[in-house]
Structures are given as structure tokens and as C-alpha cells.
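One structure below.
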Amino acid sequence: MLDAGAGAGAASLAARELFPAARITMVERDAALTAAAREWLPDALCVAADIERMDPFPPHDLVMAAYALGEMERPPATRLWDAARVALVVIEPGSVRGFSLVREIRDGLLARSARMSAPCPHESACPLAAPEWCHFAARVERSRIHRRLKDADLNYEDEKFSYVALAREPANCLPRAFYAGRGSGRG
Ligand SMILES: C[S@@+](CC[C@H](N)C(=O)[O-])C[C@H]1O[C@@H](n2cnc3c(N)ncnc32)[C@H](O)[C@@H]1O
């Protein structure tokens, strides 16, 4: 798996639960976050690089970019897709802006023969028109330090995210693990 903009490795940790034997490459430009990622995933390969300048990306079965492409001036979605042997998963905040980037990537890569895996049940044009946006929510526990940092009382938050999973093959040809734990719901 290639995790682009890996930060402290959250997406890789989540993916490893589904693919425990996978070899992981994390690309991240921030040294402090990379050091944290190394503690969580000591066997992963950490590459210190600027994703916007990386060309080409090393090929991997699964390529992920979680909460990262929205931070870039020119998100390299096409190059990430070119590196994805099986699938590309892009996750962004569940906001109008985050969804708009996800939709742009979805449309651009479907036009390059990518096949839709999730969340859409079709490969046609997205029917949602602004100000509607598609997002999902995952309940995340808040630790005491989390609550203090966010000046929050609740011990959980519902993290909203937009995402797209695109693959080389139609959805029914992908490994079963790819679908385990898929969220549901549309906002
Ligand atoms: C919001 S964090 C998300 C981190 C992680 N993917 C996660 O889901 O927790 C975005 C990460 O992308 C990294 N990033 C942003 N632009 C980058 C670039 N051009 N090259 C490499 N890393 C970049 C940032 O340093 C940061 O660690």
C-alpha cells in the first residue's frame, strides 16, 4: 500500500487492519509526523518527499490519500492513479470543499477508464448539485487530551468524510477484504 501524505500514519493503520500482511510505503514531507508514523508502523517504508513533485509514484496495489490532497495546490490524483495496480482510495473532509475535490477526482479518473468501487453504485455523472454534498460519518472516541485540545465535553465526535474508491477492475472482481467495514449513509 502507498499512503500519500501519510502524516502520523492513520490511514495506513486503518488499512493494515484489513490487510495485515501488506507492505506499506508512507510518503510524507513533515519530519516530526514521519517520526510519529515510524513508531506506529516500524516496518513501513517512510519516504520524505513532496508529493506534488513526485513523478512517477512507485507502483503499489493499493494507493491511498487521506485528508491530504486538499492541502495541495495541484493534487496529483492522476499520477496516484497511474501508480495504483489495483485501487486508489481518496478520502477528504466531509465538507462542500472536500466533496468537490473528491467529485473532481471521481469524474477525471472515470474518464480514464477507472471503475467505481465505492461509494457510488454507478459510474454515471454525480447527480448531486451544489449546495448538496455527499459525506459519511465515523464515530471517533475522544481521549481526555483530545477533549482538552478541542475544548469539548463529549467523549466522542462524528467525523464527517467524503471519499471515493476507484479500481482497475469492476467492483465484483475485487478481493473481499476491500469491502470489509465499508461505511454507509449519505448527507
Ligand atoms: C491532514 S494531514 C492527514 C494525514 C493522514 N493522511 C491522516 O489521515 O491522518 C495531511 C498530511 O499531508 C501532508 N502533505 C501535505 N502536502 C504534502 C506534500 N506536498 N507532500 C508531502 N506531504 C504533504 C502533510 O504534511 C500532512 O501530514
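Could you list, ordered by first residue, the pairs with Cβ atoms under 8 Å in which the first is in segment 11-33 and closer than 21 Å to Tyr163 by Cα and at pLDDT 95 or above and the second is of a type in the set (Val, Ile, Thr) and within 8 Å of the ligand (Cβ to nearest atom), at least 6 apart or interchain?
Final answer for the pair search is Ala11/Ile91; Val27/Ile51.
With the structure loaded, tell me whether Arg142 is buried (at least 16 other Cβ atoms within 10 Å of the Cβ), over 17 Å from the mean Cα position of the chain (by Cα), charged (D, E, K, R) and more than 22 Å from Asn172 (Cβ to Cβ) or whether it fails that test. Before you say what the answer is, go through the steps one by one.
On the way: buried (at least 16 other Cβ atoms within 10 Å of the Cβ): yes; over 17 Å from the mean Cα position of the chain (by Cα): yes; charged (D, E, K, R): yes; more than 22 Å from Asn172 (Cβ to Cβ): yes.
It is true that Arg142 is buried (at least 16 other Cβ atoms within 10 Å of the Cβ), over 17 Å from the mean Cα position of the chain (by Cα), charged (D, E, K, R) and more than 22 Å from Asn172 (Cβ to Cβ).
Which condition from (1) surrounded by fewer than 16 Cβ atoms within 10 Å (Cβ to Cβ); (2) charged (D, E, K, R); (3) in contact (Cβ under 8 Å) with a residue 40 or more places away in the chain is the one that Asp55 breaks?
So the condition that Asp55 fails would be (3).
Among (1) more than 9 Å from the ligand (Cβ to nearest atom); (2) in contact with a helix residue (DSSP H, G or I) (Cβ under 9 Å, 6 or more places away or on another chain); (3) in a loop (DSSP other than H, G, I, E, B), there is one condition Ala87 misses while meeting the rest; what is its number?
Just one mismatch for Ala87, condition (3).
I'd like to know if segment 61-68 contains one or more residues that are at pLDDT 95 or above and either in a helix (DSSP H, G or I) or within 24 Å of Pro127 (Cβ to Cβ) (or both). It would help to see each step written out before you state the result.
Initial filter on segment 61-68 (at pLDDT 95 or above): 61-68.
With either in a helix (DSSP H, G or I) or within 24 Å of Pro127 (Cβ to Cβ) (or both) added as a condition, the list becomes none.
Scanning segment 61-68, I find no residue that is at pLDDT 95 or above and either in a helix (DSSP H, G or I) or within 24 Å of Pro127 (Cβ to Cβ) (or both), so the answer is no.
Listed residues Pro93, Pro76, Pro58; which is more than 20 Å from Ser117 (Cβ to Cβ), within 14 Å of the ligand (Cβ to nearest atom), in contact with a Ser or Thr (Cβ under 9 Å, 6 or more places away or on another chain) and not polar (S, T, N, Q)?
On the way: Pro76 fails: in contact with a Ser or Thr (Cβ under 9 Å, 6 or more places away or on another chain); Pro58 fails: within 14 Å of the ligand (Cβ to nearest atom).
Exactly one of Pro93, Pro76, Pro58 is more than 20 Å from Ser117 (Cβ to Cβ), within 14 Å of the ligand (Cβ to nearest atom), in contact with a Ser or Thr (Cβ under 9 Å, 6 or more places away or on another chain) and not polar (S, T, N, Q), namely Pro93.
Quick one: which residue in Leu154, Leu128 is aliphatic (A, V, I, L, M) and under 16 Å from Ser100 (Cβ atoms)? Step through it out loud before you land on a result.
Numbers: Leu154 fails: under 16 Å from Ser100 (Cβ atoms).
Only one candidate passes the filter, namely Leu128.
Restricting to segment 89-108, and then to whatever is over 17 Å from Gly5 (Cα atoms) and among the hydrophobic types (A, V, I, L, M, F, W, C), can you tell me which residue is surrounded by the fewest Cβ atoms within 10 Å (Cβ to Cβ)?
Taking segment 89-108 as the starting set, the residues that turn out to be over 17 Å from Gly5 (Cα atoms) are 94-97, 99-100, 103-104, 106-108.
Filter again for among the hydrophobic types (A, V, I, L, M, F, W, C), leaving 96, 99.
Working: Val96: 13, Phe99: 26.
So, considering only residues that are over 17 Å from Gly5 (Cα atoms) and among the hydrophobic types (A, V, I, L, M, F, W, C), the one surrounded by the fewest Cβ atoms within 10 Å (Cβ to Cβ) is Val96.
Only one of (1) touching a residue at least 24 places away in the same chain (Cβ under 8 Å); (2) over 14 Å from the mean Cα position of the chain (by Cα); (3) within 11 Å of the ligand (Cβ to nearest atom) is not met by Asp50, so which one is it?
Exception for Asp50: condition (1).
Is it fair to say Ala44 is near the ligand (Cβ under 9 Å from one of its atoms), surrounded by 18 or more Cβ atoms within 10 Å (Cβ to Cβ), within 16 Å of Ala11 (Cα to Cα) and not β-branched (Val, Ile, Thr)? Lay out the reasoning, then the answer.
Details: near the ligand (Cβ under 9 Å from one of its atoms): no; surrounded by 18 or more Cβ atoms within 10 Å (Cβ to Cβ): yes; within 16 Å of Ala11 (Cα to Cα): yes; not β-branched (Val, Ile, Thr): yes.
Criteria not met by Ala44.
The values are calculated or read from the model by the stated rules, or taken from the named source; none is laboratory data. Since this is a predicted model, take the numbers as computed values, not measurements. Cβ atoms come from the backbone with ideal geometry, glycine included; neighbour counts cover every protein chain shown.
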